[in-house]
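*Asks:* My questions will all concern the structure given below.
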Amino acid sequence: MKPNDIGSLLRIAREERGRSIADAASVTKISKYILLSMENGEFSKLGQRPYAIGHMKAYAKYLGLCEERFCEMLREQYPEFKRHQGTDGYTLVLGDETERPVLSITRQVMRLIGLR
């Protein structure tokens, strides 16, 4: 599967449902520019990983597609959108490979009250 195939699948699904980009933008609250970038396979225009994954989930859901499968395909084909697992929770990748650990809220609360 080529990276552009994700975008093609999104476009085909939208067209099969008879929906326009304007309709999709109105309902999902995602700009037309971002939606067209996704359909054209230009995922580098989506910004950082949380935004790219969030847009993919919202658009796939709007189209009645499996959100998790499309996010998985995005992560497989674009390494910059992969989830990074650190030793102490998830690791957030910031721009040029700079990393810092990010703890879940539950873990932070547990530490504050002395349960961990």
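The values are calculated or read from the model by the stated rules, or taken from the named source; none is laboratory data. Because the structure is a prediction, the values reported are computed rather than measured. Cβ sites come from the backbone with ideal geometry, for glycine too, and all protein chains shown count toward neighbours.
*Asks:* Can you name every residue in segment 1-24 that is not basic (Lys, Arg) and not in a helix (DSSP H, G or I)? Explain how you work it out, then say what you get.
*Replies:* Within segment 1-24, the first condition is being not basic (Lys, Arg), and the residues that meet it are 1, 3-10, 12-13, 15-16, 18, 20-24.
Listed by number, the residues that qualify are Met1, Pro3, Gly18, Ser20.
*Asks:* Take segment 8-33 and flag every residue that is farther than 14 Å from Met56 by Cα and of a type in the set (Gly, Ala, Ser).
*Replies:* Of everything in segment 8-33, those that are farther than 14 Å from Met56 by Cα and of a type in the set (Gly, Ala, Ser) turn out to be Gly18, Ser20, Ala22, Ser26.
*Asks:* Further question: Does segment 59-77 contain at least one residue that is among the hydroxyl-bearing types (Ser, Thr, Tyr), out of contact with any Phe, Trp or Tyr (no Cβ under 6 Å at 6 or more places or on another chain) and modelled with pLDDT of 75 or more?
*Replies:* Looking through segment 59-77, at least one residue is among the hydroxyl-bearing types (Ser, Thr, Tyr), out of contact with any Phe, Trp or Tyr (no Cβ under 6 Å at 6 or more places or on another chain) and modelled with pLDDT of 75 or more.
*Asks:* Step by step: first the residues of segment 1-46, then only those that are within 18 Å of the chain's Cα centre (by Cα) and on the phi > 0 side of the Ramachandran plot, then the one that is modelled with the lowest pLDDT. Which residue is that?
*Replies:* Filtering segment 1-46 for residues that are within 18 Å of the chain's Cα centre (by Cα) and on the phi > 0 side of the Ramachandran plot, the one modelled with the lowest pLDDT comes out as Gly41.
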